[in-house]
Amino acid sequence: MPMKIGDHSFDQRVSKGLGETHMRETVRSAQGRLHTNKSKAEEDLGNWEDWRTLSEEIRSHTLENLDYYLEQLSDNVIKNGGHVFFAETAEEANQYVKEVAVKKEAKKIIKSKSMVTEEISMNEALERAGAEVIESDLGEYILQIDDHDPPSHIVAPALHKNKEQIRETFERLKGYDKTSKPEELTQFAREQLRQEFLEADIGITGCNFAVAESGSVSLVTNEGNARLATTIPKTQISVMGMERIVPTWEELDVMVSMLCRSAVGQKLTSYVTGLSGPREEGDLDGPEEFHLVIVDNGRSNILGTAFQSALHCIRCAACINVCPVYRHVGGHSYGSIYPGPIGAVLSPLLEGYDDHKDLPYASSLCAACTDACPVKIPLHEHLIEHRRIIAEEEKKTTRGETYAMKGFSVTSSSPRLFDMATRAAPIMSSPFTKEGTIDKGPGPLKGWTDVRSFPAPEKERFRDWFKSRKKEDS
Amino acid sequence: MAQGTVQNRESFLNNIAEKLGRERRRSSVEPPTYTKQPQWDIMVDYTTEQLVDVLKEQCTAIHTDVKEATIDELPAVIDDVMKEYGAEKAAVWDDLRFAEFGLTSFMERPDINIWGSAPDEDDIKITEQADVGITFSDYTLAESGTVVLMNGGGKGQSVSLLPTYYIALIPLSTIVPRMSQVTRKIHEEVQAGRRTPSCINFISGPSNSADIELNLVVGVHGPVKASYILIDDL
Ligand code: SF4
């Protein structure tokens, strides 16, 4: 599946999202729980701000020296007996993986969850080469059998589906005959997939963080599917975005601790696995052949720009879990496999503004995302920068035209943000802002506000807003 | 091990350096001294007893049963857990510690497969059919309730993964506060020029998923239940 999802316009997607009551309820309750778990994990740790500072320093240092660390990583992978392919484009990456599959005469390929392989549409490429590709992460499996429904959340990809819909899908397509209890649904998927693992010729994984000093790939999971994919098949291919790397195991400790806490509120997930090359002499499991594919696909264009820190992202989804806009419209409205605040920042950077220029406006600039981010990416400032660039571009082509939808960005009650945003772009906002609530407006604004008026969260502190919402919900 | 291959590296990395607006960096890059290092403050002065308390508490959060045993009691406690699980067939590591901890006769039972002993190297298949996998813990993290397994050779990574249940044998001498102590150790090994084991697992309880409406379901692709047996070896 490409990064961009579907051909509907931003307006259409938002309207559809607002109409799906099931989805909206599921998302709302999930978001609340994820956020609560994260807050608790932060409190447990005590000095969260110090951890964030440390994490930011690690990510900045690594990205500033990315060429050095990638060279060190690849040197160590080949020393361990693995193969490394640097892929500038999605096509190059897919071509390489396809060649490995053909050489291995692979019929069945089992995959654990990986956003970057979604981004480059690797499954489709492999299927065209005649291999069967099976997603083994429970959420991804559900989406795959349901006619490749796109993911709506980067940690919990099937978040938009409720258990009754999942039961129905299993029944219709896999002959499932039990109830919609999550336990029974999960047990069914376990049985179906265990056999696939035993038969698979190749296991494909993503990579949470590579470790330069030892040529290792780390995988952070709860289900154990990434372990299976790297234990049984004779060939392993791991695919990583080029920025997903740390210098040493000491930094890995910090980043994994932050990822687990921020993503799911766990101290560590059930499995954190460090894999260093293929099996060694005398080993009886693990892959005999190991390939690491390092993907650029537009990332290097972000280096050296005002957006560089977007590459610090560790894909924890904390920004998504606090975003009031995501809560309101759901993941599919973003039209990209990367939804929420990070998606609104990243999608236009990786794929250009043409397909994604509405996304920087899918934000109330309340800065809750920036506050939540464990590596301190100034997400809302990046969104403002995007708007500034888009406005400049449009000024060039349509001469000074102002865009009504930009009104969504600002309320007059936040002087700092108001200043930043008005400096950044010509905006007509106040006509639609009534006492801090955005009510009616043209264009997308109408869609967003159709169901009920959308709060302008910066008036109250976001946390307070979130608390009061929760009370309303319960 | 034969050296692997690398493709497209130079142009890829040159492009990165160019985008960063400088020459390629090929040497003398070291991680800086970070201004904050909160990981080292956690449970620094805890005694083993205190760490054990933290571990036990955490195990309730990760759905993992904890039993305690002296070395003498160990065989009986393992049997108890297996009985609870209704488990008969076990897969275990080929690991000297089993003998050191008085488990020689346990290991000689017919329904136990010691990793690497199956005919035709069919260990994966036999382990997949086992009811329970049993390994020692190489390091144990109190904070997260984690056993760390340095796999390789007789210590097959399948043993803690493929059977329906998992039992970790945890000598108290392996307990440290958190992940930081272990990753530092691995880092030091790397610096000393030793190869990192091809698979290191940090395991915290049984496998689980929250992919369906965020409901936690314990037992997905890996073991559906896990028990830790703390062994007093101090
Ligand atoms: S931007 Fe920050 S909060 Fe959002 S997914 Fe990335 S690391 Fe997590």
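The values are calculated or read from the model by the stated rules, or taken from the named source; none is laboratory data. None of the values given here were measured: they were computed from a predicted structure. Positions of Cβ are backbone-derived with ideal geometry, glycine not excepted, and every protein chain shown enters the neighbour counts. Side chains included, ligands, DNA and RNA excluded: accessible areas come from the protein's heavy atoms. Shrake-Rupley method; radii C 1.70, N 1.55, O 1.52, S 1.80 Å.
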In degrees rounded to 10, the 0-90 angle between helix B:48-61 Cα long axis and the longest Cα principal axis of chain B is 90 degrees
Please report Rg (one decimal) and Dmax (integer) in Å for the Cα set of segment A:109-231. 14.8, 50
In vacuo Debye sum over C-alpha of chain B, base-10 log of normalised intensity I(q)/I(0) at q = 0.10, 0.15, 0.18 Å⁻¹, listed in q order, is -0.58, -1.06, -1.35
Free-by-geometry Cys in the protein assembly as shown, Cβ-Cβ under 4.7 Å as pairing rule, reported as A:CYS207, A:CYS260, A:CYS313, A:CYS316, A:CYS323, A:CYS366, A:CYS373, B:CYS59, B:CYS199
Once the Cα atoms of helix B:179-191 and of chain B are each reduced to a long axis, what angle between those two axes, in degrees from 0 to 90 to the nearest 10, is obtained? 60 degrees
A correct Stokes-Einstein calculation for segment B:1-79, using the alpha-carbon Kirkwood radius, 4 °C and 1.567 mPa s, returns a whole-number D in µm² s⁻¹ of 67 µm²/s
Can you pull the Rg over Rh of segment A:168-321, Cα-only, Kirkwood? 1.02
In segment A:168-209, which trypsin sites (Lys or Arg not before Pro) fall in coil by DSSP and have 14 or fewer other Cβ atoms within 10 Å? A:LYS178
Express in whole angstrom the spacing between the alpha-carbon centres of segment A:103-146 and segment A:330-366. 25 Å
Specify the inter-centroid distance of segment B:60-76 and segment B:184-223, based on alpha-carbon positions, in whole Å. 21 Å
Debye log10 I(q)/I(0) for segment A:1-131, one point scatterer per Cα, at q = 0.17 Å⁻¹: -1.13
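With a 1.4 Å probe, what is the total accessible area buried between chains A and B, in Å² rounded to the nearest 100?
8500 Å²
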How large is the accessible surface of B:LYS19 in square angstrom, using a 1.4 angstrom probe and rounding to the nearest 10? 70 Å²
Give the distance, in whole Å, between the Cα centre of segment A:155-187 and the Cα centre of segment A:242-273. 29 Å
Distance histogram in 20 Å bins (all Cα pairs of the protein assembly as shown, percent per bin): 18, 52, 27, 3, 0
Can you give the average number of partner chain beta-carbon atoms within 10 Å of each beta-carbon in peptide B:146-153, as a whole number? 4
The helix B:74-85 Cα axis meets the longest alpha-carbon principal axis of chain B at an angle in degrees, between 0 and 90 and rounded to 10, of 90 degrees
Gain on full stretching of the segment that runs from A:GLU288 to A:ASP177 - 0.36 nm per residue minus C-alpha separation: 36.1 nm
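Over 32 Å between C-alpha atoms is what I'm after, so list which of A:LYS113/B:LYS19; A:LYS163/B:LYS67; A:LYS79/B:LYS89; A:LYS40/B:LYS89; A:LYS107/B:LYS185 land there. Walk me through the intermediate numbers first.
Numbers: A:LYS113/B:LYS19 30 Å; A:LYS163/B:LYS67 36 Å; A:LYS79/B:LYS89 39 Å; A:LYS40/B:LYS89 40 Å; A:LYS107/B:LYS185 41 Å.
Too far apart for the 32 Å limit: A:LYS163/B:LYS67; A:LYS79/B:LYS89; A:LYS40/B:LYS89; A:LYS107/B:LYS185.
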Debye intensity ratio I(q)/I(0), log10, segment A:47-300, q values 0.07, 0.15 Å⁻¹ (C-alpha model): -0.24, -1.11
Under a point spin-label approximation (7 Å from Cα along Cα-to-Cβ), what is the B:THR5-A:GLN192 distance to one decimal in nm? 3.8 nm
